[in-house]
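A.B. asks: Sharing a structure with you now.
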Amino acid sequence: MFSRVWSVALQGIDATLVEVETQMEGGLLNFTIVGLAGASVREAKDRVSAAMKNAGLIFPRRKVTINLAPADLRKEGSAYDLALAVGLLSASGQINCDNIEDYVFVGELSLDGRVRAVKGVLPSALAVRGLKGKKLVVPVENQDEAAVAEGLPIYPMATLRDVVDFLNGVDDVDPYTLDIQELFSTQRNYEVDFREVKGQQRAKRALEIAASGNHNVLMIGPPGSGKTMLARRLPTILPDPTLDEALETTQIHSVAGTLPKGSALMAVRPFRSPHHTISDAGLIGGGTVPVPGEVSLAHRGVLFLDELPEFRKATLEVLRQPLEDGEVVIARVAATTRFPARFLLVAAMNPTPGRYRGSELVEGSVSAGQIRSYKSRISGPLLDRIDLHVPVPAVKPEELSLKEEGEPSEEVRARVIEARERQLQRFSEVPIFSNGEMSTKHLRTLANITEKAETSLRQAIEQLGLSARAHMRALKVARTIADLHGRQDVTEVDVLEAVSFRELDREDFV
């Protein structure tokens with residue numbers, strides 16, 4: 001007896017339909033799974049056997065061969081359990097469904113017959129949606145996530161017995177639907193706001209520029225000056241994500257299993273803040289079965305690296321590829337996996353590695369050599385990819401006691417959106433979307449920098465002792481400042497403000 005059902009294999013956030021073929025014949029009990037199945041898939045025999053028995057079904061005591069095709073694609077995880085069980089039940093005659101091949105099954109089975117939630121349901125649903133006439137059966141806990149793929153019939157199931165009764169026509173189940181636009185609008189809320197930040201007007205100005213032009217930022221200040229507080233509020237002034245961006249972000253978090261409980265869609269921009277002890281694989285992604293790292297989990301949002309010099313230098317160097325390409329490529333013998341990783345980098349560091357009492361450096365706690373060593377942990381190539389260096393001094397007591405609130409994120413975001421729209425118009429005929437992505441060619445042909453502004457920049461670099469790397473970075477930032485003010489041309493004022501945000505390029509920085 002033979003049956004064919006369908007499931008889904010994930011490779012990164014890409015999903016491929018998997019054909020689950022079950023051949024049952026006479027002979028002694030022998031259960032074999034072929035088709036490049038991983039250990040967790042081969043273990044499914046025991047889960048499926050117990051689930052079927054506890055659901056009041058009969059596990060066939062015959063020779064069973066199950067093939068997962070395509071055979072050259074590695075299958076990992078427990079999401080094949082439900083498809084394996086349905087294939088067995090169909091081959092043994094316990095399920096009689098004429099259109100069983102119209103259904104795709106995703107779910108893990110518990111020993112008592114419940115259908116458990118699995119990772120990667122959204123990318124699976126989006127892949128199935130592109131196939132004519134297919135329907136998706138998922139665990140009840142994954143129903144909202146699956147229903148985000150509008151237009152695909154979704155059938156959530158709580159137990160294996162429910163699946164059998166549905167396919168046999170005993171129970172009539174309507175497809176599950178979800179109002180995506182309502183979900184998207186109701187969940188688009190941030191728990192923090194820029195209005196809560198006291199003082200730090202210069203730092204807030206720098207973050208507004210960073211959000212407007214997609215510029216990476218490094219904040220330099222003593223402990224307690226508010227660097228982390230500022231960074232956490234940066235997503236609140238970025239333009240709201242589009243539905244396509246939200247879907248892309250949600251797919252990554254779905255595969256990683258980091259979707260917030262009760263949330264089916266990442267309606268706000270992510271904020272990720274890994275500890276400085278993180279490994280290369282934790283930051284960039286990897287593993288025997290590649291999973292997304294922090295840079296991908298921050299896709300379309302903010303990656304915050306606090307205490308930047310405390311990260312291992314080799315770990316920081318792996319950031320260069322995603323910062324340049326907007327994606328992570330993880331090569332393995334069996335396959336190459338790609339994860340999106342287009343994020344805004346925000347880093348923070350103390351001015352020195354010495355001990356601090358509050359925000360004051362303890363005198364004599366650090367030497368000049370230690371300061372040089374501390375600064376050298378940030379390599380030139382990484383520093384080249386950071387446009388804004390922002391001093392964040394300790395907040396004065398009189399600023400903390402102010403009763404009035406700061407400017408709310410909503411008002412700042414409105415200016416950011418206007419600046420972004422000007423950039424989109426400027427770059428309508430080139431494949432870039434923000435000033436932070438401009439090359440030398442784009443600066444020369446599209447930035448509209450006046451000759452007086454160029455002259456002022458050269459003079460500033462000479463007088464302040466700035467490095468050569470400051471030149472192009474300052475021009476990009478100056479273009480963004482001009483966009484914030486609605487100016488067609490980059491003026492001398494814009495350039496001088498941009499130069500003021502090159503703190504680490506100054507020879508006297510300590």
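The values are calculated or read from the model by the stated rules, or taken from the named source; none is laboratory data. Since the model is a prediction, treat every value here as computed from it, not as a measurement. Backbone-built Cβ (ideal geometry, glycine too); neighbour counts: all protein chains shown. Heavy atoms of the whole protein, side chains included, go into the accessibility calculation; ligands, DNA and RNA do not. Shrake-Rupley method; radii C 1.70, N 1.55, O 1.52, S 1.80 Å.
A.B. asks: When all C-alpha to C-alpha distances in region 268-316 are sorted into bins of 5 Å, what percent of pairs does each bin hold, rounded to whole numbers?
C.D. replies: In whole percents, the pair-distance histogram is 5, 23, 28, 24, 15, 5, 1.
A.B. asks: So how tilted is helix 409-426 from the main axis of the chain? Cα-based, degrees 0 to 90, rounded to 10.
C.D. replies: Helix 409-426 and the main axis of the chain meet at about 90 degrees.
A.B. asks: What percent antiparallel are the DSSP beta bridges of the chain, to the nearest 5?
C.D. replies: Antiparallel: roughly 50 percent of the beta bridges in the chain.
A.B. asks: Across all directions of projection, what mean area in square nanometres is found for the Cα convex hull of region 358-424?
C.D. replies: On the way: hull surface 32.9 nm².
Mean projected area for region 358-424: 8.2 nm², to one decimal.
A.B. asks: So, one more: I'd like the orientation of helix 243-256 relative to the chain: the angle between its Cα long axis and the longest Cα principal axis, in ° from 0 to 90, rounded to 10.
C.D. replies: Taking Cα atoms only, the helix is inclined about 70 degrees.
A.B. asks: With both partners inside region 210-364, how many of the DSSP beta bridges are antiparallel, as a percent to the nearest 5?
C.D. replies: Counting only bridges with both partners in region 210-364, antiparallel ones make up about 45 percent.
A.B. asks: Sticking with this structure for a sec: Dividing the Cα radius of gyration by the Kirkwood radius, what Rg/Rh value follows for region 234-275?
C.D. replies: Taking Rg over the Kirkwood Rh, I get 0.96.
A.B. asks: Measuring from centroid to centroid over Cα atoms, what is the spacing of region 180-198 and region 96-143 in Å?
C.D. replies: Measuring centre to centre over Cα atoms gives 32 Å.
A.B. asks: Something else about it: Tell me whether region 373-510 comes out rounded, prolate or oblate; compute the Cα gyration tensor, take square roots of the eigenvalues as a ≥ b ≥ c, and use a/c under 1.5 as the rounded threshold.
C.D. replies: Judged from the Cα gyration tensor, region 373-510 comes out oblate (a/c at least 1.5, b/c at or above a/b).
A.B. asks: Further question on the same structure: Quick check: the angle from helix 470-484's long axis to the longest principal axis of the chain, C-alpha only, nearest 10 degrees?
C.D. replies: Once rounded, one gets 80 degrees.
A.B. asks: Can I ask one more? How large is log10 of I(q)/I(0) for region 269-356 at q = 0.13, 0.16, 0.19, 0.22 Å⁻¹ when the intensity is taken from the Debye formula with one equal scatterer per alpha-carbon?
C.D. replies: -0.42, -0.60, -0.82, -1.05
A.B. asks: Further, regarding this structure: Taking only the alpha carbons of the chain, what extent do you get along each of the three principal axes, in Å, biggest first?
C.D. replies: Sorted from largest, the Cα extents of the chain read 89, 48, 47 Å.
A.B. asks: I would also like to ask the following. How many angstrom separate the Cα center of region 201-216 from the Cα center of region 340-397?
C.D. replies: Rounded to whole Å, the Cα centres lie 18 Å apart.
A.B. asks: Spin-label point model (7 Å from Cα, Cβ direction): what's the Ser359 to Glu191 distance in nm?
C.D. replies: Going from the Ser359 label point to the Glu191 one covers 2.6 nm.
A.B. asks: Quick one: of Lys227/Lys375; Lys198/Lys261; Lys53/Lys261, which pairs are farther than 21 Å apart, Cα to Cα?
C.D. replies: Lys198/Lys261; Lys53/Lys261
A.B. asks: Next question, about the same structure. Just the number please: accessible area per residue for region 117-179, 1.4 Å probe, all protein chains included, in Å².
C.D. replies: Value returned for region 117-179: 43 Å² of accessible area per residue.
A.B. asks: Efficiency by 1/(1 + (r/R0)^6): what FRET value for Leu111 and Val173, r their Cβ-Cβ distance, R0 = 22 Å, to the nearest 0.05?
C.D. replies: The computed FRET efficiency comes out at 0.35.
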